[in-house]
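See below for the structure under consideration.
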């Protein structure tokens, strides 16, 4: 299995809702990432998990809460989001160990906040 | 931190023409990666360059890393409609493992 899967594909939520995004990989990768991508912009790093521990938080608002239950799974919990949080949320993974490894991206969750 | 500038922002070419996108960094890069994102898709890794002056080829794609490791280019020979998408360079910056350039959006007119 050489892919990263993400669910759901699309999500529409109100500003008072609580929802979660899910990412899964079975490649044995030990580093996992959350990115946010607005239309016609590059992906922007949000969080990095390395060996299931949060290693980087790029000053992301607390309404986004990441979780790494195990080495294959990465969640992003969403609460009280704003319309400007509407974007494509991408998960990625890489083998971990060694500085220079490609990142494998999932297909993303397209989020709309009303 | 390091900033990765990428030009041009857009490029429209006739099918069969060549295409080049350029990346410039304000600081020396330990490595640079290139990704392609098709319309409606997700970034897909193309290549990683590590060595000063490195040149790598993948069929019609040629990737170069500058001698000073501050710039890089991607050249596509004889573009095809399947080359359509946005090409991003990306490199590490401080503690951030990957910072993406703004990307070059390529459209190919058949």
Among B:91, B:85, B:66, the single one that is touching a strand residue (DSSP E or B) at 6+ places or on another chain (Cβ under 8 Å), at pLDDT below 95 and either over 20 Å from residue A:94 (Cβ atoms) or surrounded by 14 or more Cβ atoms within 10 Å (Cβ to Cβ) (or both) is B:91
Condition check for residue A:88: within 13 Å of chain B (Cβ to nearest Cβ), modelled with pLDDT of 95 or more and closer than 25 Å to residue B:36 by Cβ: yes
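Residues are listed down the side, and each one gets a yes or a no for (1) over 10 Å from the mean Cα position of the chain (by Cα); (2) more than 13 Å from every other protein chain (Cβ to nearest Cβ); (3) crowded, with 17+ Cβ neighbours inside 10 Å:
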site: A:13; (1), (2), (3): yes, yes, yes
site: A:17; (1), (2), (3): yes, yes, no
site: A:23; (1), (2), (3): no, no, yes
site: A:37; (1), (2), (3): yes, no, yes
site: A:42; (1), (2), (3): yes, no, yes
site: A:47; (1), (2), (3): no, no, yes
site: A:55; (1), (2), (3): yes, no, no
Strands (runs of 3 or more DSSP E) within chain B that include 1 or more residues away from chain A (no Cβ under 12 Å), free of Cβ contacts under 8 Å to residues at least 24 places away in the same chain and closer than 27 Å to residue A:39 by Cβ: B:61-65
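The values are calculated or read from the model by the stated rules, or taken from the named source; none is laboratory data. No experiment lies behind these values; they were computed from the predicted model shown. Positions of Cβ are backbone-derived with ideal geometry, glycine not excepted, and every protein chain shown enters the neighbour counts.
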